[in-house]
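S.K.: Pasting a structure here, questions to come.
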Amino acid sequence: MAAALLLAVLLTAGCATHTRQASQLNSAWESADLDRAVQIATSAAERREGTRDEVLWFLEKGTALRLAGDYEKSNEAFDAAERRINEYEELAQVRVGVGAAAALTNLNALPYEGYAYDKVMLNTYKALNHLALGDLENARVELNRAHQRQAEAVRRNARRIELAREEALEEAEGESIDVDRSIEDERFRRQMEETYAHLNDLRAYADYVNPFAVYLDGLYFMAHPFSLLSDLERARISLQRVAGMINENPYVNQDVALIHELLLGRPLPEITYVFFETGRGPVREEVRIDLALWGLSRDVPYVGAAFPTLQFRDRHEPHLTALTSEGNHRSVRLASMDSIVAQEFQNEMPVVVTKTLMSTATKATAQYAASEATRDMGLVGALVHLGGVVYQFVMNQADIRMWQTLPKEIQLARFPTPEDRRVTLNAAHSPRNIEIELEAGLINVVYVRSVTRGTPLVVNQFVLQ
């Protein structure tokens with residue numbers, strides 16, 4: 001019990017450090033203080049390298065550096081995150097399980113391996129960084145990786161659920177826990193439904209599909225068809241796929257019409273694309289739900305277990321307007337990260353519930369055994385019982401780690417490039433408009449980031465062709 005308490009103290013300190021650093025990073029982002037955001041994320045990534053939070057902090061570092069316009073260092077950070085993610089994926093081919101440390105403590109003891117949406121956005125951001133650097137070849141590589149990750153995600157998650165259940169059943173035999181009955185307990189299921197009802201309001205596109213990544217894939221291969229027929233066909237498939245997911249976006253429909261003209265041999269016209277990242281994606285918070293441990297004793301104990309839930313952040317700019325000499329063009333939603341994250345969160349819940357059940361059962365069984373063994377030992381028994389209670393309380397924590405600096409939405413505006421090549425960008429609550437002159441090119445891309453309502457817009461641009 002003493003060793004377990006020591007482990008609990010160490011892990012609790014690590015969780016507190018992560019929470020503090022995440023809070024500091026959020027504060028810097030909310031005030032649009034890019035220098036401070038880079039400093040905090042870089043410092044945290046250096047300190048957490050080689051730890052269970054390494055992937056998370058290199059993702060944060062890469063995002064901060066990207067927003068600051070340091071695309072090379074941003075990709076170095078993303079590369080570091082991806083190397084570790086790939087290592088975790090290789091290990092997962094062998095076995096995925098709760099793990100001894102997690103069973104004795106909580107799921108924070110497991111490494112942050114990255115969710116499917118993390119991996120897709122990681123490669124998408126790397127592709128955008130390469131495009132900003134004029135490196136078309138490596139941008140193509142990253143778009144292929146993003147495409148592959150989305151295709152593999154369904155299979156990987158199904159396997160994760162299967163392996164988590166297999167290990168839970170194996171461990172349950174030693175703990176005398178009826179896994180199925182505990183999960184299907186009426187009281188537990190009612191609390192779960194009430195807690196997560198708000199997630200049902202978000203319409204998902206498709207499991208593990210990010211329309212932004214798919215659209216960028218279509219745009220790239222439309223602008224750079226190295227193999228004319230096959231690459232234009234890939235662009236057509238990607239753009240039509242996005243149009244099918246978000247048919248309310250007129251700009252995507254215009255590109256679908258354009259790709260058919262290109263397939264007929266017509267030339268590519270001068271077009272400007274404006275991508276608008278607005279707001280901040282959801283965060284995970286902790287909620288307590290009574291978990292039934294059927295089979296532990298004759299009287300079914302209900303233990304207050306900690307689960308993660310999603311909270312969505314508002315105070316974002318609802319849209320961006322690009323004003324040109326030929327008209328005004330308002331951005332329209334291309335992808336909702338809220339919906340993408342919520343869909344995967346719901347898909348992941350069977351694994352979270354199973355792991356939390358076994359972790360809770362392991363700790364409850366250990367406490368029960370220790371209390372029984374020292375029941376007649378007076379002060380020693382009382383101290384052991386007290387230690388077990390404290391241990392349970394300290395270690396009953398949900399895993400609320402996640403990539404915190406993703407946007408709430410990614411929007412799109414698209415229009416013929418004006419003759420004077422001048423564009424004014426306006427957001428309703430931004431302190432000032434931003435005027436830019438488009439670089440010389442056939443296909444221009446303007447990338448705009450608004451972190452919160454009222455903060456200055458961060459604007460970058462590159463030429464796609």
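No lab work stands behind these numbers, since they all come straight from the coordinates. This structure is a prediction, so every number in the text was calculated from the model and none was measured. Cβ placement follows ideal geometry from the backbone for every residue including glycine, while neighbour counts extend to all protein chains displayed.
S.K.: How much length is gained if the chain between VAL463 and GLU89 is pulled fully straight, taking 0.36 nm per residue apart and subtracting their Cα-Cα distance, in nm to one decimal?
M.R.: Gain on stretching VAL463 to GLU89: 131.2 nm.
S.K.: Tell me, what ³J(HN,Hα) does each residue in the stretch 313-323 have, in order and in whole Hz, if you take phi through Karplus 6.51 cos²θ - 1.76 cosθ + 1.60 with θ = phi - 60° and put x for Gly and Pro?
M.R.: 9, 9, 6, 10, 5, x, 6, 10, 10, 9, 9
S.K.: Taking neighbour Cβ counts within 10 Å as the exposure measure, how do VAL252, VAL459 sort from fewest upward?
M.R.: Ordered by Cβ neighbours within 10 Å, fewest first: VAL459, VAL252.
S.K.: So, one more: Using the Karplus equation 6.51 cos²θ - 1.76 cosθ + 1.60 (θ = phi - 60°), what ³J(HN,Hα) coupling, rounded to whole Hz, does each residue of the stretch 250-263 give in order, writing x for Gly and Pro?
M.R.: Using θ = phi - 60°, the values come out as x, 5, 5, 4, 5, 5, 4, 5, 5, 5, 5, 5, 5, 5 Hz.
S.K.: Using the Cβ atoms and a cut-off under 9 Å, what net charge is assigned to the surroundings of THR405, where Lys and Arg are +1 and Asp and Glu are -1?
M.R.: 0
S.K.: While we're here: Starting from the amide H of GLU409, placed 1.01 Å from N in the peptide plane, find each other amide H under 5 Å away whose residue is 5 or more places distant or on another chain.
M.R.: So GLU409 has HN proximity to THR278, MET337.
S.K.: Around ARG313, which amide H atoms from residues at least 5 apart in sequence, or from another chain, sit under 5 Å from its own amide H, with H modelled in the peptide plane?
M.R.: VAL283
S.K.: Can you list the residues of the stretch 319-355 with backbone N under 13 Å from a point 7 Å past the Cα of ASP207, pointing along Cα to Cβ?
M.R.: 343-351
S.K.: Among the chymotrypsin sites (Phe, Trp or Tyr not before Pro) within the stretch 201-259, which fall in a DSSP loop and have no more than 15 other Cβ atoms within 10 Å of their own Cβ?
M.R.: PHE226
S.K.: At a Förster distance of 22 Å, what's the computed FRET efficiency of GLU435 paired with ARG315, Cβ-Cβ distance as r, to 0.05?
M.R.: 0.30
S.K.: Let me ask something else. Using the Cβ atoms and a cut-off under 12 Å, what net charge is assigned to the surroundings of ASP207, where Lys and Arg are +1 and Asp and Glu are -1?
M.R.: Here the charged neighbours net out to -1.
S.K.: Using 1/(1 + (r/R0)^6) with R0 = 45 angstrom and r between the beta carbons of SER43 and LEU264, what's the FRET efficiency to the nearest 0.05?
M.R.: Computed FRET efficiency for SER43 and LEU264: 0.25.
S.K.: Continuing with this model, one more query. If one computes the Cα centroid of the stretch 122-164 and of the stretch 29-88, what distance in Å separates the two points?
M.R.: 17
S.K.: Here's another thing I want to ask about it. Once fully extended, how much extra length lies between LEU442 and GLU194, figured as 0.36 nm per residue of separation less the alpha-carbon to alpha-carbon distance?
M.R.: Gain on stretching LEU442 to GLU194: 84.1 nm.
S.K.: Next question, about the same structure. How would you order 144-153, 435-444 from highest to lowest mean count of nearby Cβ atoms within 10 Å?
M.R.: My ranking of the peptides, most packed first, is 144-153, 435-444.
S.K.: Can you work out ³J(HN,Hα) from phi for every residue in the stretch 341-351, in order, using Karplus 6.51 cos²θ - 1.76 cosθ + 1.60 and θ = phi - 60°, giving whole Hz and x for Gly and Pro?
M.R.: Each residue of the stretch 341-351 in turn: 5, 4, 4, 5, 4, 5, 5, 7, 4, x, 5 Hz.
S.K.: If amide hydrogens are placed 1.01 Å from N in the peptide plane, which non-local residues have theirs closer than 5 Å to the one on VAL332?
M.R.: Under 5 Å from the amide H of VAL332: LEU412, ALA413.
S.K.: As a quick test, which of the pairs LYS61/LYS355; LYS126/LYS408; LYS119/LYS408 have an alpha carbon distance above 25 angstrom in this structure?
M.R.: LYS61/LYS355
S.K.: Next question. Between ARG155 and ASP178, 0.36 nm times their residue separation minus their Cα-Cα distance comes to what?
M.R.: 5.5 nm
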